[in-house]
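Comments concern the structure below.
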Amino acid sequence: MPELPEVETTRRFLAPVVEGRVFDEVEIRRERTARRNSGAAEVVGRLVGRRVMRMGRKGKFLCGDLDSGELLIIHLGMSGRIRLADRGEDEDAHTNAVFRVAGSEEVRFVDPRTFGFVGVFEEFPSRLGPDALDELPDEERFAGLIRRSRRAVKTVLLDQGVVAGLGNIYVDEILWRARVGPHRVASELSADAVERIRAAIRPVLEDGIRFGGTSLADLAYLLPDGRAGENLDRLDAYGRAGLPCNRCGTPLERAVIGQRSAYHCPSCQG
C-alpha cells in the first residue's frame, strides 16, 4: 500500500496540474471506486464544474479543497496510483477514474485491486491521528500516544488513529533507525526509546519523499509520470531478511507481528 512518502510525492506532481483549475470532465469507470458515496453518478455530479482550490494530503489520503466547500478525497488503497498522461495517450489497464481539466494533461486513477476509492464529502470521512510529517506531536504528546498501549510498538505505529501516514515499510525503517525492536510493548518503552522513535520519523519520511517513494518488485507503485520510485535500495530494514545489518553486520530477521511482517536487527534492535 502506498504510504505517506508515496502519497506526498504524488501530491507534489498533482498540485500544479489541478490547482486553480475546473474539472471539465470526470469519468468513474467502476461503481466500486465511488463506493464511499452513493455511486459514480454522485461523484461525477459533485465534481464537474468545480474548481480545485488546493491539493493537499492527510496521512495516506489525497485531499482536494473544492470551491463548493466540499472535499475531493482519493485513497490509493493497496495497489492504486495516480497517472498523469496526455489526452489520447494509451491507458494503463485498470484505469478506474479519469479527471480532465483545461490543458493537455489528464489525471488517471489506476487501481488493479480496487481497494482504493474516489469520493466527495462535506467533511473528512475518516478519523485519523496527527499527520506523521506535517503534524507530528511534541515529545510529551507523542509519548502519551505511544505509551498508552499494551500492543507491540510496530502495531501502534501502524495504527492510523495514533499517527496518520505510516505503513509497513517506513515503520520498519523508523524502528531500525531508532534501535527499537518492533516486538517491544509500547507501554514499557523508556522515555529515551520513545524519543528516538519520534526523532527518526521525519528523516525517514523525508528520505522517502526525496527519492520518489519506494517501488517494490511488483511495481504496484509508480510515480505519476510512470517512473519507479528510487528509495528501495536505500532501505536499511524492510525486505532485507538474511542480509547484514548496515549498522552492526548481524543478519536481519523477519517476524510476524499483528499479521504484518516486521524486518529488524536482532542485535542492535534487541
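Before moving on, here are some points about what is shown:
- Where both bridge residues fall in region 1-91, DSSP classifies roughly 90% of the beta bridges as antiparallel.
- Estimated FRET transfer efficiency when R0 is 35 angstrom, pair Cys268-Arg21 (beta carbons, to 0.05): 0.10
- Counted charge near Thr250, where neighbours are those whose Cβ lies closer than 15 Å (Asp, Glu -1; Lys, Arg +1): +2
- Extension gain, Cys248-Ser104: 0.36 nm per intervening residue step, less the Cα-Cα distance, totals 46.7 nm.
- Modelled spin-label separation between Ser261 and Arg150, with each label point placed 7 Å from Cα along the Cα-to-Cβ direction: 3.1 nm.
- Longest to shortest principal axis, alpha-carbon extents of region 111-268, angstrom: 44, 36, 28
- 17 Å tail of the calculated P(r), region 12-119, as % of Cα pairs: 48 percent
- Over region 130-211: Kirkwood hydrodynamic radius from C-alpha pairwise inverse distances, Å: 12.3 Å
- Total formal charge among the other residues, if their Cβ is under 14 angstrom from that of Phe13, Lys/Arg +1 and Asp/Glu -1: +1
- Length-normalised contact order of the chain in % [C-alpha pairs under 8 Å, at least 6 apart]: 18 percent
- Here the convex hull built on the C-alpha positions of the chain has a volume of 122 cubic angstrom per residue.
- Segments 167-176, 137-146 sorted - mean Cβ within 10 Å per residue, highest first: 167-176, 137-146
- Summarising the label geometry, the points placed 7 Å from Cα in the beta-carbon direction at Arg54 and Ser68 lie 2.0 nm from one another.
- Mean Cβ neighbour count within 10 Å, used as a protection proxy, ranking 258-270, 184-196, 204-216 highest first: 204-216, 258-270, 184-196
- Counting only protein heavy atoms and using a 1.4 Å probe, the accessible area of Val256 comes to about 100 Å².
- Annotation: extensible slack from Glu206 through Asp225 equals 4.8 nm (criterion: 0.36 nm per residue apart, minus Cα-Cα distance).
- 13 Å beta-carbon shell around Arg151, net charge (K/R +1, D/E -1): +4
The values are calculated or read from the model by the stated rules, or taken from the named source; none is laboratory data. If you're wondering where the values come from, they're calculated on a predicted model, not measured in any experiment. Every residue, glycine as well, gets a Cβ built from its backbone with ideal geometry; the counts of neighbours run over all protein chains shown. Side chains included, ligands, DNA and RNA excluded: accessible areas come from the protein's heavy atoms. Shrake-Rupley method; radii C 1.70, N 1.55, O 1.52, S 1.80 Å.
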